[in-house]
Amino acid sequence: MAVYREVIARSEVGGLTWSPYPAEARLLLAVALTHQGRLDEAWHLLDVSGQNPPMVFEWLYFAHQMFITIGIRGEPKQAALERLRDYWGTDGLTAISSGGAEILRAAAAGDAALALSVYDDLVAVVVPLWHEWFQARLRLATLTLAAFAAAAAHQSADERGSAARDVERLVSDGGRVIDFYAPYDGSHGPEYRMWVARRTAEHLRWRWLAQVDPPSAEELVSAWRAAEEAAVAYASVPEVAQTRVRLAGVLRAVGDTAGARTVADQAREAARELGARPMLDELTAQGSAPMPATSAHPATLTPREAEILALVAEGRSNGEIGKQLFISTKTVSVHVSNILAKLEASSRTEAAAVARRRGLL
């Protein structure tokens with residue numbers, strides 16, 4: 001980073017600020033700062049208002065700013081992303097930065113169809129600029145896969161089944177990138193290895209949440225522990241935080257409450273420092289234990305009952321709920337009976353309706 005700063009400083013003294021090398025050094029320094037979690041510093045480094053840079057750098061810088069603002073921090077700036085699309089065809093990095101932000105925003109909203117549409121648009125633009133199995137495609141496919149996992153938790157069985165073909169295509173795309181670069185295995189850096197591990201973990205997460213050939217608890221936890229290890233090796237503050245958000249959810253589901261709390265606390269601290277609202281929202285959703293809205297309905301659900309009630313309201317069967325939470329169908333049945341009794345409901349449908357009226361969902 002010191003070298004990048006020196007390059008930028010010397011270019012300004014010599015009147016060569018917008019020569020290719022110092023202009024690219026500015027972006028690389030901002031990327032490094034981003035991975036260190038110094039988002040404000042990175043954003044302001046790329047703020048070249050009034051400096052009249054070449055258009056290609058102006059939009060490239062703006063794309064990374066939007067990746068920080070929208071992709072990591074989750075701020076709504078739709079118009080900015082739409083403006084950037086006009087410049088996707090001029091530079092692959094501009095497309096990948098702003099398109100990555102679009103995918104992350106869609107994932108946070110649980111909109112897998114939108115994430116896939118952005119992914120396909122990105123591939124269509126970048127392939128002619130570079131080549132079919134460009135390395136960043138592994139990351140983009142994995143981020144889109146994560147959007148499908150986020151959506152699966154709220155989809156019907158038919159919707160989850162319909163998504164399987166798209167999910168397998170994304171997994172295959174990532175695999176083709178891995179195969180393409182296999183001959184150069186000795187030169188792979190920590191970022192590449194991190195996305196290889198995340199691809200596996202996100203695929204298992206989708207299978208688990210969609211209940212399509214779901215993995216065992218051990219397989220799921222092992223994959224996310226490996227993803228965490230790879231993220232820590234890469235030392236990217238945002239990526240370590242995001243991986244730990246997902247790991248916390250997995251640990252909570254398999255019953256490792258203490259482990260989930262430790263990992264979630266680590267992720268929450270980092271997310272707060274980053275100002276990463278989507279990560280904080282995801283953590284809240286994992287650990288939420290809805291309470292009755294008023295004292296007129298004194299029944300209180302346990303965290304596990306609240307979790308099961310949410311899945312019941314989504315139309316999940318006891319068997320599906322048991323597989324997702326790694327508990328027996330009989331245990332789910334007992335919880336559902338307790339929920340019906342507490343809510344004074346005669347059916348699952350009535351329980352869901354009562355819960356919505358009382359603010360439990």
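The values are calculated or read from the model by the stated rules, or taken from the named source; none is laboratory data. Owing to the predicted nature of the structure, the values given are computational and were not obtained by experimental measurement. Cβ: placed from backbone, ideal geometry, glycine included. Neighbour counts: every protein chain shown. Only protein heavy atoms, including side chains, enter the accessible area calculation; ligands, DNA and RNA are left aside. Shrake-Rupley method; radii C 1.70, N 1.55, O 1.52, S 1.80 Å.
Points worth noting:
- Per-residue 3J(HN,Hα) values for segment 140-147, derived from phi via the Karplus relation 6.51 cos²θ - 1.76 cosθ + 1.60 with θ = phi - 60°, read 5, 5, 5, 4, 5, 4, 4, 5 Hz in sequence order (x marks Gly and Pro).
- Rolling a 1.4 Å probe over the protein chains gives Lys342 an accessible area of about 70 Å².
- When the solvent-accessible area of segment 209-285 is split by element, carbon and sulfur atoms take up 48 percent of it, the probe being 1.4 Å.
- Computed in the context of the full set of protein chains, the accessible area of segment 21-176 at 1.4 Å probe radius has 52% of its extent on carbon or sulfur.
- For segment 254-281 versus segment 88-151, the spacing of their alpha-carbon centroids is 25 Å.
- Cα long-axis angle, helix 237-253 against the chain (0 to 90 degrees, to the nearest 10): 10 degrees
- Counting heavy atoms of the protein chains alone, Ser49 has an accessible area of about 90 Å² for a 1.4 Å probe.
- Sorting 158-168, 114-124 by their mean Cβ neighbour count within 10 Å, with the most densely packed peptide first, gives 114-124, 158-168.
- Think of a 1.4 Å ball rolled over the protein heavy atoms: the chain then has 46 Å² of accessible area per residue.
- Evaluated with a Cβ-only charge set (Lys, Arg +1; Asp, Glu -1), the chain carries a dipole of roughly 900 debye about its Cα centre, given to the nearest 20.
- In nm, spacing of pseudo-spin labels at Asp158 and Asn338 (7 Å Cα→C-beta vector): 3.4 nm
- Placing pseudo-labels 7 Å out from each Cα toward the beta carbon at Phe180 and Ala109 gives an inter-label distance of 2.9 nm.
- Calculated SAXS-style log₁₀ I(q)/I(0) at q = 0.19 Å⁻¹ - segment 21-133, Debye, Cα scatterers: -1.01
- The alpha-carbon of Lys330 sits under 18 angstrom from the alpha-carbons of these aspartates and glutamates, leaving out residues fewer than 8 places away in its chain: Glu305, Glu307, Glu320.
- When shorter helices are ignored and each DSSP H run of at least 4 residues is given -39500 (n - 2.57), the per-residue value for the chain at 222 nm works out to -23500 deg cm²/dmol.
- Across segment 181-189, rounded Karplus estimates of 3J(HN,Hα) from the backbone phi angles (6.51 cos²θ - 1.76 cosθ + 1.60, θ = phi - 60°) give 9, 4, x, 10, 3, x, 9, 5, x Hz, Gly and Pro being marked x.
- Relative contact order %, segment 127-241, counting alpha carbon pairs below 8 Å whose residues are six or more apart: 32 percent
- Mean Cβ neighbour count within 10 Å, used as a protection proxy, ranking 198-210, 13-25, 63-75 highest first: 198-210, 63-75, 13-25
- Integer Hz, Karplus 6.51/-1.76/1.60 couplings in order for segment 79-88, x for Gly and Pro: 4, 5, 5, 5, 5, 5, 4, 5, 10, 4
- Residues whose amide H comes within less than 5 Å of that of Gly110, counting only those at least five positions distant or on another chain, are absent (H built at 1.01 Å from N in the peptide plane).
- (1) 22.5, 79; (2) 20.5, 63; (3) 21.6, 67, with the label sought being that of the calculated Rg and Dmax of the Cα atoms in Å: (1)
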